[in-house]
Amino acid sequence: MTITEIVINGIGLGLIGLIVWYFWLYRREGIQIGETDGLQEATINVKGGYNPDVIVVKRDKPVRLHFNRQESSLCSEMVIFDYENISARLPEGQTVTVEFTPQKAGEIGFQCQMGMLRGKVIVQ
């Protein structure tokens, strides 16, 4: 092996390691949403993903998430929660509100109907 091949292989392995870290090992802390009159509320922008995609809430308090879809991609037409069969159609350029009250601590995932866009609500 020449020095050029060693350098190229090293760069390739480094890039593979970066991809593995970003997609499987990197953990976002999420945003803690505030509480007003006992209601926890946040706005999630939908454009190539959910922003923010990790939201931290308190259990036994109502949660109201406003999804604002800012793209025309078919993938982002719906949001589906892993909690009590909650789902909502997201028309382009409109804000749709999803409300629920988490009863126990843990994670509640949400995703588009194709499973490509993902997010989660962390209940504490």
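Since every read-out is calculated from the coordinates, none of them should be taken as a lab result. Note that the coordinates shown come from a computational prediction; the quantities given were computed from them, not determined experimentally. Cβ: placed from backbone, ideal geometry, glycine included. Neighbour counts: every protein chain shown.
Assess whether residue 49 counts as being out of contact with any helix residue (DSSP H, G or I) (no Cβ under 8 Å at 6 or more places or on another chain) and without any contact (Cβ under 8 Å) to a residue 40 or more places away in the chain. Before you say what the answer is, go through the steps one by one.
On the way: out of contact with any helix residue (DSSP H, G or I) (no Cβ under 8 Å at 6 or more places or on another chain): yes; without any contact (Cβ under 8 Å) to a residue 40 or more places away in the chain: no.
Spelling it out, it is not the case that residue 49 is out of contact with any helix residue (DSSP H, G or I) (no Cβ under 8 Å at 6 or more places or on another chain) and without any contact (Cβ under 8 Å) to a residue 40 or more places away in the chain.
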- Task: Among the candidates 117, 74, 90, single out the residue that is of a type outside the set (Val, Ile, Thr) and within 13 Å of the chain's Cα centre (by Cα).
- Result: 117
- Query: Out of the range 35-47, which residues are surrounded by 13 or more Cβ atoms within 10 Å (Cβ to Cβ) and either part of a loop (DSSP other than H, G, I, E, B) or among the β-branched types (Val, Ile, Thr) (or both)?
  - Reply: 43, 44, 46, 47
- Item | Cβ-Cβ under 8 Å pairs, at least 6 apart or on other chains, the range 100-124 side touching a residue at least 60 places away in the same chain (Cβ under 8 Å) and farther than 13 Å from residue 55 by Cβ, far side of a type outside the set (Ser, Thr, Tyr) and not in a loop (DSSP other than H, G, I, E, B) | 117/46; 117/75; 117/111
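Please specify each residue of the range 82-99 satisfying the condition of being touching a residue at least 40 places away in the same chain (Cβ under 8 Å) and either assigned to a strand (DSSP E or B) or within 18 Å of residue 34 (Cα to Cα) (or both).
Filtering the range 82-99 down to residues touching a residue at least 40 places away in the same chain (Cβ under 8 Å) leaves 90, 95.
Within the range 82-99, 95 is the sole residue that qualifies.
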